[in-house]
DNA sequence: TTGTACGCGTTATCAT
DNA sequence: ATGATAACGCGTACAA
């Protein structure tokens, strides 16, 4: 049914291996021979069988990226990875882990069978055992965005701590007194780093820092909503809210609306931006992380390790950019209850 | 280096094929034998080699989903596909085509080599030749969201026409007089279907319909921005804007803000919702498409075709839901220039 | 510059 | 219920 190297060889009047060499540029082939081969390939509509090739070479030329691709930030990181991978002759398998350990483990199992050449992972703290498993099987991997305690590995991440510090310092400079910080889960290193940066700035400003203003939860819109409700219902609510990512920020804005509070007149809001090209960043002062660049660098680290499995683990910390938006209000106008459209 | 079926067989004191049968449940294996085999598998840490298996069986148990995964809507569809695929024992390769013909063709080529079992594609009009190529190689595929003229294939899509009609009728019922329609590219069937539905509603209401109020462009935020600027700068601007998807809607809202126009007091806005869990849908009346369901159904169609390659092409048109939000204003408060934070 | 022989790890086929 | 043999399609090693 399917056309094989043999068929092409027969048609071109050469041996199979010669065809292989002509197509893979793995050895010199006479100009005329090569022409005959290429002609045969075209006529027969030959498509090389990468499965057979992989079996023989023990290389699949396939990489996997494990994360929650539903989140546009990671989708953008994926783009960075893909672009570079394509150039280097690798395909990328994107996998939805939903940040859930079970799904993560399941995918790793599936992909180990498929003999994937390498992994790029956005881990949580729970990923430790899974990563150990990869090590046991000598499959290279690179971490993105988050470090995992006890796992020495190549890693690319944004400078969350510095970013959070800049954001907080900016807030203090513009007159903020009580800054509520709504952050992600303790199982994710960035959530804690952003808290640390926030505390750095307070300390530098000689402010005490009220522990009760820091709320750990999820990097999600519902959590932003819920945490805001809790903070603003207190006797002494914060005058400013720091959302540890943009999903949280959206929830924050929604919750403030239900309280009838205006942004930024009544409560100022800032956030870490984990999405590109989406609304939040246009209205709020944010710290922007270079998603695509992150992907590109992760890929580069992985390729380097594939080439030299024994090099020392490398950690790249990307600088993040504070983007202050003072001249821009919000394009949405507050609607009146019962009056929207 | 790697443990093989042979190694396990030797350890368990049986032949390789017996191990294969025990692991794949492809034939009965004595209870005691099976136990010995499973023990050996565990002791040796055996991981089956799917590459070899694929070569022998000519089945990779791998499917591909081609689209722009950066768009959360497609990412959600992907989730629907993945969930079902996992259950059925298939892996899914997600590919970013950016809706660009070249990237699409490149991926198809790459994946044909890998002997992928089937494709799920979000096509544009330009995808025709690529799909023909798949047919030539007898690789099954399913289309999602869009039909392609001249290509008979399984297809799942939302009822754009009806959705647009409902949305438009709703607007007319609430007093809209001049509805500007900002839609996607002519190369995408949904863009035209939404126009058709819009025109259906106008016709049904006995309204003339002003062709100049319909603007084709892209399904992007910048296009929404640009088109709105153009429409609102006219001598007789529309009193209502219909964004053909949510990215466009975001651009629309931004542009209206630069004009100092309020939503919905000055201009009402509605849109097709191509994203879940994101801001737009919370403030505007929208038509919601069941993304995850779309993915699930697409997968089901593909599996059916894998089982019976010769069945007649099937087209599933999903009903869409009009979600009217009148009781909800916008959580963002308009900031004053120079005063944000 | 081109060819021969063999093996990668698994499963289809036939046999016991 | 289990085994022997061959073959899937390609690339490595060596040879000519």
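The values are calculated or read from the model by the stated rules, or taken from the named source; none is laboratory data. Because the structure is predicted, anything quoted here is derived from the model rather than measured. Methodologically, a virtual Cβ is constructed for each residue, glycine included, from the backbone with ideal geometry; neighbour enumeration extends over all protein chains shown.
Residues are listed down the side, and each one gets a yes or a no for (1) under 19 Å from residue B:291 (Cβ atoms); (2) assigned by TED's automatic domain parsing to the domain that holds residue B:191; (3) at pLDDT below 95:
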position	(1), (2), (3)
B:89	no, no, yes
B:92	yes, no, yes
B:101	no, no, yes
B:106	no, no, yes
B:120	yes, no, no
B:126	no, no, yes
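When you check residue A:63 against the structure, is it modelled with pLDDT of 90 or more, touching a strand residue (DSSP E or B) at 6+ places or on another chain (Cβ under 9 Å) and surrounded by 15 or more Cβ atoms within 10 Å (Cβ to Cβ), yes or no?
Yes: the conditions hold for residue A:63.
Checking each residue of segment A:217-234 against the condition of being within 19 Å of the chain's Cα centre (by Cα) and at pLDDT below 90 gives at least one match.
When residue A:199 is tested against (1) touching a strand residue (DSSP E or B) at 6+ places or on another chain (Cβ under 9 Å); (2) surrounded by 21 or more Cβ atoms within 10 Å (Cβ to Cβ); (3) modelled with pLDDT of 95 or more, exactly one condition is not met: (2). Where residues in segment A:10-35 are surrounded by fewer than 18 Cβ atoms within 10 Å (Cβ to Cβ), away from every other protein chain (no Cβ under 14 Å) and more than 9 Å from DNA strand C (Cβ to nearest atom), which of them is modelled with the lowest pLDDT? Top of the filtered list is A:26.
Residues are listed down the side, and each one gets a yes or a no for (1) assigned to a loop (DSSP other than H, G, I, E, B); (2) in contact with a helix residue (DSSP H, G or I) (Cβ under 9 Å, 6 or more places away or on another chain); (3) more than 10 Å from chain B (Cβ to nearest Cβ); (4) in contact (Cβ under 8 Å) with a residue 12 or more places away in the chain:
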{"position": "A:177", "(1), (2), (3), (4)": "yes, no, yes, yes"}
{"position": "A:201", "(1), (2), (3), (4)": "no, yes, yes, yes"}
{"position": "A:206", "(1), (2), (3), (4)": "yes, no, yes, no"}
{"position": "A:217", "(1), (2), (3), (4)": "yes, yes, yes, yes"}
{"position": "A:241", "(1), (2), (3), (4)": "no, yes, yes, yes"}
{"position": "A:256", "(1), (2), (3), (4)": "no, yes, no, yes"}
{"position": "A:270", "(1), (2), (3), (4)": "no, yes, no, yes"}
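Which of the residues spanning segment A:1-24 are without any contact (Cβ under 8 Å) to a residue 12 or more places away in the chain and outside any helix (DSSP H, G or I)? Residues satisfying the conditions are A:1, A:15. Within the group A:185, A:235, which residue is under 30 Å from residue B:69 (Cβ atoms), away from chain B (no Cβ under 14 Å) and assigned to a loop (DSSP other than H, G, I, E, B)? Every option except A:185 fails the conditions.
Let's see how each residue does on (1) within 9 Å of chain B (Cβ to nearest Cβ); (2) away from DNA strand D (no atom under 16 Å from the Cβ); (3) over 23 Å from residue B:48 (Cβ atoms); (4) in contact with a helix residue (DSSP H, G or I) (Cβ under 6 Å, 6 or more places away or on another chain):
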| residue | (1), (2), (3), (4) |
| --- | --- |
| A:48 | yes, no, yes, yes |
| A:57 | no, no, no, no |
| A:62 | yes, no, no, no |
| A:69 | yes, yes, yes, yes |
| A:91 | yes, no, no, yes |
| A:95 | yes, yes, no, yes |
| A:104 | no, yes, no, yes |
| A:118 | no, yes, no, yes |
| A:126 | no, yes, yes, yes |
